[in-house]
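Some notes on the structure that comes next.
The values are calculated or read from the model by the stated rules, or taken from the named source; none is laboratory data. Keep in mind that what you see is a predicted model, and the values were worked out from it rather than measured. Here Cβ is always computed from backbone atoms with ideal geometry, including for glycine, and neighbour counts include all displayed protein chains. To get the accessible areas, we keep the full protein, side chains included, count just its heavy atoms, and leave off ligands, DNA and RNA. Shrake-Rupley method; radii C 1.70, N 1.55, O 1.52, S 1.80 Å.
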Amino acid sequence: MLLPQARDIDDTELERLYDYPSSLTRPWVQVNFVSSPDGAVTVGGKSHGLSGPADKKVFMLGRTLADVVLVGAGTAAIEGYAGVKSGEVRAAVRARLGLSPVPPIAVVTRRATVAPDSALITETVAPTIVLTCAAAPSSRLRELSDAGADVVVTGDDDVDLSVALAELDKRGLRRVSCEGGPHLFGGLIEAGLVDQLCLTVSPLLAGGDASRIAVGPQPASPRELDLESVLTDDSFLMLRYRARR
């Protein structure tokens, strides 16, 4: 079976495939993950070992097309997140779409574990949004706010993801690119908030005890998806699913 090669798809067509719906009236969540065929989400504790050039291109396109990058605090710490840099996104595309120069990072953290002096707070073009809850230490919330973060309390004992997305909506951030991790993805599934999944299957048998791409409470029922596009490159398989409405 012959599949479309990513290298044969030009940037215009790739943008068409992965762009968000037009005229959004609510936050629309795209989740991005890479996994091995045997289900591992990391190699050596990080996702970088599973990725390849075409997968990275699609990943960065996700940032180019997004209003905001959503990520869990654990993944941000493990992967060494900082703010999105101007050179990481395609300025001409963002200008044409009427987007800000770079998307801010919105980090989900129940206990506000992000350090105020971390690169995620200090090395930013757009201030990082910290989505947390009232159970987080108030002193840490003040420190993050004083360091320039946009601190948003979205629940009492845990982050309410529906409220978190509503807060992003208030800021005009509806094109949401979620970059993990598994617990955040699991929470979005449970809450029925996933609109699209971009999943790259890496040609590696990773073995070990790495997590799966989604971990969390069982949803009331599985969410049905439709396969919208398939691309391949150097034995990597890039799948794009949309939630069936």
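Here is how the numbers come out for the structure above:
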quantity	calculated
Qualifying residue in segment 49-68 (condition: modelled with pLDDT of 95 or more and closer than 30 Å to PRO137 by Cα)	yes
Residue match in segment 215-227 (condition: among the aliphatic types (A, V, I, L, M) and part of a loop (DSSP other than H, G, I, E, B))	yes
Single residue of segment 27-52 satisfying the filter (in a loop (DSSP other than H, G, I, E, B) and either in contact with a Gly (Cβ under 8 Å, 6 or more places away or on another chain) or among the aliphatic types (A, V, I, L, M) (or both)) that is farthest from ASP226 (Cα to Cα)	THR42
Count of segment 185-214 residues which are in a loop (DSSP other than H, G, I, E, B), of a type outside the set (S, T, N, Q) and under 29 Å from ASP234 (Cα atoms)	13
The lone exception for GLU123 - which of (1) among the charged types (D, E, K, R); (2) buried (at least 18 other Cβ atoms within 10 Å of the Cβ); (3) out of contact with any Lys or Arg (no Cβ under 7 Å at 6 or more places or on another chain) it fails	(2)
Some residue of segment 221-231 being surrounded by fewer than 17 Cβ atoms within 10 Å (Cβ to Cβ), over 29 Å from GLN5 (Cα atoms) and free of Cβ contacts under 8 Å to residues at least 24 places away in the same chain	yes
Filter result (modelled with pLDDT of 95 or more, under 24 Å from LEU17 (Cα atoms) and open to solvent by less than 40 Å² (accessible area, probe 1.4 Å)) within segment 169-191	LEU173, ARG175, VAL176, SER177, CYS178, GLU179, PHE185, LEU188
Residue in segment 140-155 that is closer than 27 Å to GLY39 by Cβ and of a type outside the set (D, E, K, R) present	no
Near pairs, Cβ below 7 angstrom, 6+ apart or cross-chain, from segment 125-150 (over 28 Å from SER100 (Cα atoms) and modelled with pLDDT of 95 or more) to any residue that is part of a strand (DSSP E or B) and open to solvent by 60 Å² or more (accessible area, probe 1.4 Å)	ALA134/VAL153
Any hit, segment 195-210, residues being touching a Pro at 6+ places or on another chain (Cβ under 6 Å) and on the phi > 0 side of the Ramachandran plot	no
Residues of segment 67-111 satisfying the condition of being of a type in the set (D, E, K, R) and outside any loop (DSSP other than H, G, I, E, B)	GLU88, ARG94, ARG96
Residue satisfying all of: in segment 211-227; closer than 18 Å to ALA243 by Cα and small (Gly, Ala, Ser); modelled with the lowest pLDDT among these	ALA220
Candidates ARG171, ARG90, filtered to the one that is of a type in the set (D, E, K, R), over 17 Å from the mean Cα position of the chain (by Cα) and over 30 Å from LEU227 (Cα atoms)	ARG171
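Let's see how each residue does on (1) on the phi > 0 side of the Ramachandran plot; (2) open to solvent by 40 Å² or more (accessible area, probe 1.4 Å); (3) more than 17 Å from the chain's Cα centre (by Cα):
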{"residue": "ASP19", "(1), (2), (3)": "no, no, no"}
{"residue": "SER23", "(1), (2), (3)": "yes, yes, yes"}
{"residue": "GLN30", "(1), (2), (3)": "no, no, no"}
{"residue": "LEU70", "(1), (2), (3)": "no, no, no"}
{"residue": "ALA77", "(1), (2), (3)": "no, yes, no"}
{"residue": "TYR81", "(1), (2), (3)": "no, no, no"}
{"residue": "LYS85", "(1), (2), (3)": "no, yes, no"}
{"residue": "GLY98", "(1), (2), (3)": "yes, yes, yes"}
{"residue": "PRO104", "(1), (2), (3)": "no, no, no"}
